[in-house]
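Have a look at the structure below, then the notes.
The values are calculated or read from the model by the stated rules, or taken from the named source; none is laboratory data. This structure is a prediction, so every number in the text was calculated from the model and none was measured. With ligands, DNA and RNA removed, areas are computed over all heavy atoms of the protein, side chains included. Shrake-Rupley method; radii C 1.70, N 1.55, O 1.52, S 1.80 Å.
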Amino acid sequence: MANAWAIKSDQTIDSSGVKLPAYFLSADIIAPSGEATVGTWITTEVSKPGLIYSVSPQAKKYTSWAQAGDPATAAFTMEAKGAKESVACVLNGRPGAPKS
């Protein structure tokens with residue numbers, strides 16, 4: 001993986017009654033051929049270990065983290081505020097991408 005970007009969600013993850021901050025984390029998943037596809041996850045931490053759930057179809061296909069959708073993460077979809085913004089950061093952060 002490369003070119004990771006995180007956007008803080010306005011929602012929290014409820015882990016056993018404890019409300020934890022949530023971040024949409026998107027990054028390029030690099031294939032052996034060098035081709036990149038963007039994956040998106042939801043995590044409770046961006047700079048140290050935390051809970052992580054796969055949100056996008058690409059993240060679900062290419063990684064083995066738990067999938068969002070349980071009661072604590074049901075609201076986290078690619079349509080939730082912050083998800084598409086984190087993907088846009090990855091696309092704009094690629095080498096040679098036009099800067100806006």
> What list of ³J(HN,Hα) values in whole Hz, one per residue of the stretch 71-86 in order, does the Karplus curve 6.51 cos²θ - 1.76 cosθ + 1.60 (θ = phi - 60°) give from phi, with Gly and Pro shown as x?
Replying inline: x, 6, 10, 4, 7, 8, 10, 5, 8, 6, 4, x, 5, 5, 5, 5
> Given C-alpha coordinates of the stretch 24-71, what is the ratio Rg to Rh with the Kirkwood estimate of Rh?
Replying inline: 0.99
> So what is the relative contact order of the chain, in percent, for Cα pairs below 8 Å that sit 6 or more residues apart?
Replying inline: 26
>> Please list 3J(HN,Hα) in residue order for the stretch 45-61, calculated via the Karplus relation 6.51 cos²θ - 1.76 cosθ + 1.60 where θ = phi - 60°; whole Hz, with x for glycine and proline.
In response: 9, 10, 10, 8, x, x, 5, 9, 10, 6, 10, 7, x, 5, 5, 5, 6
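Expected output is a single nm value to one decimal: the length gained when fully extending between Leu20 and Thr63, i.e. 0.36 nm times separation in residues minus the C-alpha distance. What is it? Before the final figure, lay out each step's value.
On the way: separation 43, 0.36 × 43 = 15.48 nm, distance 2.26 nm.
That pair, Leu20 and Thr63, stretches by 13.2 nm at full extension.
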>> Under the rule of at least 5 residues apart or a separate chain, name every residue whose amide H is placed under 5 Å from the amide H of Ser15.
In response: Leu20
> How many lysine pairs does the chain hold where the Cα atoms are under 20 Å apart and the two sit 8 or more places apart or on different chains?
Replying inline: 10
>> Quick check for you: with a 1.4 Å probe and neighbouring chains kept, what is the accessible area per residue of the chain, in Å²?
In response: 59
>> Given a 1.4 angstrom probe, I'd like the percentage of the accessible area of the chain that is carbon and sulfur, rounded to a whole number.
In response: 57
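What area, in nm² and to one decimal, does the C-alpha convex hull of the chain cast on average over all directions?
On the way: hull surface 27.1 nm².
So the mean shadow area of the Cα hull is 6.8 nm².
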> Which cross-chain or sequence-distant (5 or more) residues have an amide H under 5 Å from the amide H of Val38, H modelled 1.01 Å from N in plane?
Replying inline: Ile29
